[in-house]
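Working notes, structure below.
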Amino acid sequence: MKMSQIGEGYNLISLECASATLPSCSWSKILWHPIQTPKHSLLRWQAMLNKLPSRDRLLAQGMAMPNLCGLCNLERELAGHLFIQCSYSSYVWSALFKCLGLRRQQHSSIEDHLGWFVKLAKTDSERKVMYAILSQTIWSLWIKRNARVFQHKATSKFHIVKHILQATKSKLRGCLFDDVDSPLTGRLVEVFGVCYKESQKLSIPVIWIPPPNGWFKANSDGSLSDDRYGFGALLQTHSGECIQALSACVRACSINILELKGVVAGVTLAQSSKASHVWSETDSTTVVAWSQGRGIIPRSAQGGCCGRYFGSKF
Ligand SMILES: [Zn+2]
């Protein structure tokens with residue numbers, strides 16, 4: 001075949017494809033989002049097209065084997081059953097939903113289930129996490145099924161849920177969330193330890209300058225590292241004498257919220273010491289802006305502490 005003929009053929013195919021009305025696919029975005037590992041996406045694609053080598057399909061192709069589900073050993077092993085309706089899979093999905101503070105709905109097809117799950121997310125950040133959870137869960141159930149069928153290995157349901165949460169958490173490492181007023185965002189940040197986008201803190205250098213005679217100074221700071229969040233505050237007299245100190249571990253939140261909690265803790269220490277004149281000092285430009293009425297304080301600033309407070313009086 002001459003090169004000119006190949007070129008003409010390519011142009012003909014391209015023109016035909018361009019003019020053809022291709023059916024829109026509602027789940028293509030869910031399937032191929034880059035947060036997902038390609039092999040996970042491929043597995044889900046096969047499952048949604050009913051192309052997985054499940055026992056039901058292999059039997060239809062003439063292979064001799066039992067037709068019962070590799071996970072529960074009770075029902076026919078169809079893809080819809082394996083990933084959605086099976087009692088084992090149902091337990092896993094329900095446990096994950098409970099962990100995310102969501103109530104599960106029953107669906108008969110994988111497509112309906114995935115579509116509904118993703119619709120619970122209202123922001124791009126939430127959608128990204130939902131894609132990651134979906135992808136990891138379907139993959140883990142398939143791996144678990146294969147281990148049972150081919151190696152006769154049994155793993156507890158609790159273990160697989162824990163594994164899905166841990167694998168999703170490592171996949172989301174480095175992702176930043178929009179700090180929006182959404183209970184789901186708050187829960188996802190807490191469960192997977194991701195940071196809010198405003199985590200890039202703008203700091204100002206702080207040098208300790210004594211307050212005027214008779215005044216107190218409350219210095220504070222917030223800190224986050226991996227999935228540990230905390231803040232602290234220190235109350236001192238004008239001569240530098242420490243009066244009270246406090247530190248606390250809290251639920252997952254942004255660094256600016258931690259800085260704000262630190263400032264509030266400093267003021268609380270001053271109140272409990274009956275200090276009438278207090279100079280509060282922070283190195284967060286965002287918190288300074290909030291105190292001056294600039295910018296909107298996120299709703300997540302209103303959360304309570306889940307950890308322990310450590311306080312000292314000097
Ligand atoms: Zn089953």
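Please treat every number below as a calculation from the coordinates, not as lab data. Keep in mind it's a predicted model, so treat the numbers as computed, not measured. Don't worry about glycine lacking a Cβ; one is built from the backbone with ideal geometry, like all the others, and counts go over all protein chains shown.
Just a few scattered comments:
- Simple spin-label estimate for Leu74 and Ala60 in nanometres, 7 Å along Cα-Cβ: 2.4
- Here the convex hull built on the C-alpha positions of region 50-174 has a volume of 109 cubic angstrom per residue.
- Taking Lys and Arg as +1 and Asp and Glu as -1, the other residues whose beta-carbon sits under 14 Å from that of Trp45 total +3.
- Near Tyr88: Cβ cut-off under 13 Å, other residues only, Lys/Arg at +1 and Asp/Glu at -1. The net charge is +2.
- Zone residues, region 111-151, relative to Lys39, backbone N less than 12 Å from point 7 Å out along Cα-to-Cβ: 139-140, 143
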